[in-house]
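The values are calculated or read from the model by the stated rules, or taken from the named source; none is laboratory data. All values reported here derive from a predicted model rather than from experimental measurement. Heads up, the Cβs are rebuilt from the backbone with ideal geometry, glycines too, and the neighbour counts pull from every protein chain shown.
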Amino acid sequence: MTTKNIQFLRITHLRGPNIWTYRPVIEAWVDIGELEHYPSNTIPGFYERLTAMLPTLAEHRCGVGEPGGFLMRLREGTWAAHILEHVVLELQNLAGMQTGFGKARMTSAHGIYKLAFRTRQEDVGRAALEAGRDLVMAAIEDRPYDVAGAVNQLRELCDKVCLGPSTAHIVDAASERRIPHIRLTGGNLVQLGYGTRQHRIWTAETDQTSAIAESIASDKHMTKGLLQSCGVPVPEGQEVDSAEAAWEAAQDIGLPVVVKPTDANHGRGVFTDLNTRAEIEKAYVAADAEGSGVLVEKFIRGDAHRLLVVGKRVVAATRGKMQTVTGDGRSTVRQLIESQINSDPRCGVEEEFPLEPLVLDKEPIAQLELERQGLTGESVPEAGRTILVKRQGDLAYDVTDQVHPQVASAAALAARVVGLDIAGIDLVAEDIGRPLKEQGGAIIEVNAGPGLLMHIKPAEGQPRPVGQAIVDHLFPGDDQGRIPVVGITGSQHTTRIARLVAWLLHINGTQVGLACQDGFFLGARQVDSADSIHWEAGQRLLINRSVEAAVLEHSNRAILSEGLAYDRCTVGVVTDLGNLDELSDFYIDDADRLYNVVRTQVDVVLPSGTAVLNAANPQVVEMAELCDGKVIFYGLDSELAAIATHRASGERAVFLRERQIILAQGMDEVSHVPLDSLAPAKAEKPEMVMAAVAAAWALGITPELIGAGLRTFNPTPKKNF
């Protein structure tokens with residue numbers, strides 16, 4: 001076969017619902033050139049080479065609907081764009097970013113396809129697309145390709161730019177509840193919900209997490225004082241300012257003791273079970289280096305535990321395990337740590353691993369434990385000798401079902417005393433299934449922004465749905481964090497419809513945001529006069545904490561080039577399909593393709609929402625069956641077939657009769673609004689007015705208030721907005 005190639009003509013990240021799916025995708029326009037004449041079954045050895053490179057392609061169902069479906073298509077003969085789609089999806093999966101949606105469709109131009117695939121992060125998706133092309137071409141040309149190297153690069157990119165596993169776990173839980181989310185930064189700051197109904201999270205911190213409470217939690221001495229005053233069991237202790245004072249405090253408290261920083265986190269600089277002056281003074285120096293002060297506390301015997309409190313209850317608990325190695329008479333302690341602790345497949349430096357490697361040079365606590373036993377990292381213990389390396393290991397062993405109710409109550413009280421809505425409560429107890437006072441256990445720390453991975457992916461035990469608990473805490477009951485969102489698509493007076501709907505919401509007492517061709521509006525203020533029919537303007541509305549309802553005008557070009565700014569809408573208005581000639585550069589060159597663009601507005605209407613459709617346009621009428629919610633038809637004539645049939649089935653319609661706008665529910669006429677009472681300029685466009693009236697009615701605005709709004713509306717932005 002002569003040299004062939006796959007060329008990318010355009011790569012676009014569609015960041016919201018689009019012609020392909022409800023979720024963000026990358027759309028690539030692909031020119032496969034001469035490969036159009038060479039489906040997969042005509043390229044000798046291609047099937048064997050590709051499946052050897054990516055054997056997990058066997059799991060892809062493709063259009064067949066069962067595992068192996070794609071390989072069946074590959075054997076029968078399929079084209080390079082379709083093959084690339086599946087390769088890109090699988091590269092993302094292998095990199096740890098699970099996804100499954102993809103499509104490849106021919107355009108009217110020879111050899112040019114539109115390829116779309118789901119990606120959770122744009123940079124990773126683009127990189128997978130480039131790697132996928134290289135892999136497919138290597139399989140076609142029978143040359144080697146470093147699949148493992150490409151996957152590793154993608155995995156590293158995922159680690160760098162994707163949400164961390166804890167934040168992603170919360171976001172996934174929100175998605176299960178149909179709560180929308182917006183990533184606000186390149187980090188882990190995420191908005192759940194829209195406008196005034198939103199909450200923000202930063203891993204395990206929320207917009208309900210008090211800054212004062214965080215400050216209290218970071219001061220261990222203050223925290224202990226508050227807990228003690230409320231009857232929460234805590235260890236006796238003193239804050240000290242020198243190694244000598246630490247020894248004196250230890251004598252007052254009684255040996256053994258714990259020495260730790262007053263404000264360090266993650267167990268750094270915490271030394272336990274200290275019995276001698278030398279140990280205590282050495283621990284003081286190390287603890288002082290980790291924080292701004294040092295505490296000496298009574299040593300509590302037992303295992304370390306972490307209880308996660310969300311709201312007012314414990315939702316998960318883990319226990320730490322003592323880390324030991326066993327001598328073999330040949331290996332050093334350092335080597336034993338590597339072979340017996342760090343070799344555990346659950347152990348790794350990435351956040352996804354539940355256990356952390358034990359690096360002796362970075363663990364002064366472990367060094368002290370060895371010193372107590374007369375050892376160093378280079379010592380060679382005799383065969384069979386058990387060496388204690390770290391008394392309190394990773395808190396990664398689930399014990400949620402074992403927590404005694406009184407222990408859970410004490411932990412929840414500790415979080416409330418400090419003032420945290422989400423807290424990690426560290427306590428020491430010999431048996432988490434018994435009350436603390438009964439066994440001399442105590443709460444030793446209260447942590448803000450606690451890690452979640454130990455509960456999501458414990459080293460042993462059942463994973464806990466802590467993300468769901470956090471989402472339920474922020475959005476109790478059936479709350480989905482949504483505000484009314486109105487989307488308006490078409491070419492017939494859509495800007496004026498958007499302005500009028502926003503005005504009707506405004507006089508209804510709603511703080512409304514509007515993004516349309518006339519500009520960007522917040523309430524009665526025009527913030528920007530530039531054309532705001534674009535994704536960024538829509539996002540600006542949805543992240544604004546003062547916006548109670550949002551109205552967005554859309555163009556077909558914006559849907560094709562960016563996608564919608566929201567995931568679902570309360571009301572979707574479609575006036576018509578627009579001009580086909582304006583979209584020829586998107587390969588939208590027939591009525592069916594144009595229909596698939598415009599229907600996006602109806603596809604995203606919530607089950608509890610309403611589509612407002614032009615009854616005079618047959619193609620728009622067809623979209624009614626695509627709507628998950630209700631439909632209101634509008635038109636100049638009550639005898640239009642769509643309106644008559646709709647009313648006969650008891651549904652709502654808005655139409656014109658004798659210069660009266662009629663709001664009808666089934667065969668009952670709910671209200672009449674005289675068209676002649678409107679300003680002449682508005683009365684000349686009755687279809688526009690009826691579309692806006694139908695949208696307002698769908699939003700629950702009363703007919704009386706709609707009539708008042710129509711009489712007071714002025715289309716000039718400076719006067720009303």
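When E48, E27 are checked against the criterion of being out of contact with any strand residue (DSSP E or B) (no Cβ under 8 Å at 6 or more places or on another chain) and acidic (D, E), a single residue qualifies: E48. Among the criteria (1) over 30 Å from I201 (Cβ atoms); (2) hydrophobic (A, V, I, L, M, F, W, C); (3) out of contact with any Gly (no Cβ under 7 Å at 6 or more places or on another chain), the one M322 does not fulfil is (3).
In the set (1) under 16 Å from I11 (Cα atoms); (2) free of Cβ contacts under 8 Å to residues at least 40 places away in the same chain, the condition left unmet by H60 is number (1). Here V314 meets each of (1) more than 25 Å from I432 (Cβ to Cβ); (2) of a type in the set (A, V, I, L, M, F, W, C); (3) in contact (Cβ under 8 Å) with a residue 24 or more places away in the chain with one exception, condition (1).
Restricted to segment 232-247, and to residues there that are more than 48 Å from the chain's Cα centre (by Cα) and surrounded by 15 or more Cβ atoms within 10 Å (Cβ to Cβ), the residue that is nearest to T272 (Cα to Cα) is W247. The residue pairs whose first member lies in segment 196-208 and is without any contact (Cβ under 8 Å) to a residue 12 or more places away in the chain, whose second member is crowded, with 18+ Cβ neighbours inside 10 Å, and whose beta carbons are closer than 9 Å, counting only pairs six or more residues apart or on different chains, are D207/Q198; D207/H199; D207/R200; D207/I201; D207/L474. In this structure, does E553 turn out to be of a type in the set (D, E) and either under 21 Å from A695 (Cα atoms) or more than 30 Å from the chain's Cα centre (by Cα) (or both)? In short, yes. Scanning segment 323-360 for residues that are more than 35 Å from the chain's Cα centre (by Cα), surrounded by 14 or more Cβ atoms within 10 Å (Cβ to Cβ) and in a loop (DSSP other than H, G, I, E, B) gives G327, D328, S331, T332. Against the definition (surrounded by 15 or more Cβ atoms within 10 Å (Cβ to Cβ), out of contact with any Asp or Glu (no Cβ under 9 Å at 6 or more places or on another chain), farther than 26 Å from I456 by Cβ and of a type outside the set (D, E)), how does L388 come out, yes or no? No, not satisfied. Please specify each residue of segment 562-589 satisfying the condition of being in contact (Cβ under 8 Å) with a residue 40 or more places away in the chain and surrounded by fewer than 17 Cβ atoms within 10 Å (Cβ to Cβ). Those that are in contact (Cβ under 8 Å) with a residue 40 or more places away in the chain and surrounded by fewer than 17 Cβ atoms within 10 Å (Cβ to Cβ): N579, D589. Among the residues of segment 104-125, some residue qualifies, meaning at least one is more than 19 Å from I456 (Cβ to Cβ), in contact with a Gly (Cβ under 6 Å, 6 or more places away or on another chain) and among the aromatic types (F, W, Y).
Where helices (runs of 4 or more DSSP H) fall entirely within segment 608-697, none has at least 2 residues that are of a type in the set (D, E, K, R) and loosely packed, with under 15 Cβ neighbours inside 10 Å. For the condition of a type in the set (A, V, I, L, M), modelled with pLDDT of 95 or more, farther than 22 Å from P703 by Cβ and assigned by TED's automatic domain parsing to the domain that holds V571, A502 does not qualify. Regarding R496, is this residue charged (D, E, K, R), crowded, with 17+ Cβ neighbours inside 10 Å and in a loop (DSSP other than H, G, I, E, B)? For R496, the condition - charged (D, E, K, R), crowded, with 17+ Cβ neighbours inside 10 Å and in a loop (DSSP other than H, G, I, E, B) - is not met. No other residue among R49, R75 is under 19 Å from D146 (Cα atoms), assigned to a helix (DSSP H, G or I) and not aromatic (F, W, Y) apart from R49. If you go through segment 272-296 and keep only what is buried (at least 18 other Cβ atoms within 10 Å of the Cβ), touching a residue at least 40 places away in the same chain (Cβ under 8 Å) and among the small types (G, A, S), you end up with A283, A286. For segment 624-634, state whether one or more residues are in the same structural domain as V605 (by TED's automatic domain parsing) and over 22 Å from V598 (Cβ atoms). Checked against the condition, which is being in the same structural domain as V605 (by TED's automatic domain parsing) and over 22 Å from V598 (Cβ atoms), segment 624-634 yields no hits at all.
Scanning segment 25-46 for residues that are more than 40 Å from the chain's Cα centre (by Cα) and either part of a helix (DSSP H, G or I) or basic (K, R) (or both) turns up E34, H37, N41, T42. When each of P39, P24, P55 is tested for being of a type outside the set (V, I, T), without any contact (Cβ under 8 Å) to a residue 24 or more places away in the chain and out of contact with any Cys (no Cβ under 9 Å at 6 or more places or on another chain), the lone residue that passes is P55. The set of residues in segment 575-607 being assigned to a loop (DSSP other than H, G, I, E, B), hydroxyl-bearing (S, T, Y) and within 26 Å of L699 (Cα to Cα) consists of T575 alone. Inside segment 60-71, residues that are modelled with pLDDT of 95 or more, assigned to a helix (DSSP H, G or I) and out of contact with any Cys (no Cβ under 7 Å at 6 or more places or on another chain) make up a count of 1. Counting only residues that are over 29 Å from the mean Cα position of the chain (by Cα) and of a type in the set (A, V, I, L, M), which one in segment 84-118 is farthest from L157 (Cα to Cα)? Among those residues, the one meeting the criterion is A109.
Scanning segment 78-89 for residues that are closer than 23 Å to P44 by Cα and part of a helix (DSSP H, G or I) yields A80, A81, H82, I83, L84, E85, H86, V87, V88.
Residues in segment 634-651 that are closer than 16 Å to I706 by Cα and charged (D, E, K, R): 0 in all.
Considering segment 192-207, and only residues there that are surrounded by fewer than 20 Cβ atoms within 10 Å (Cβ to Cβ) and closer than 21 Å to G523 by Cβ, the residue that is farthest from the chain's Cα centre (by Cα) turns out to be T196. Do the conditions hold for A116, that is, is it under 30 Å from Y566 (Cα atoms), of a type in the set (G, A, S), outside the structural domain of V605 (by TED's automatic domain parsing) and in contact with a Ser or Thr (Cβ under 8 Å, 6 or more places away or on another chain)? Taking the combined requirement at face value, the residue satisfies it.
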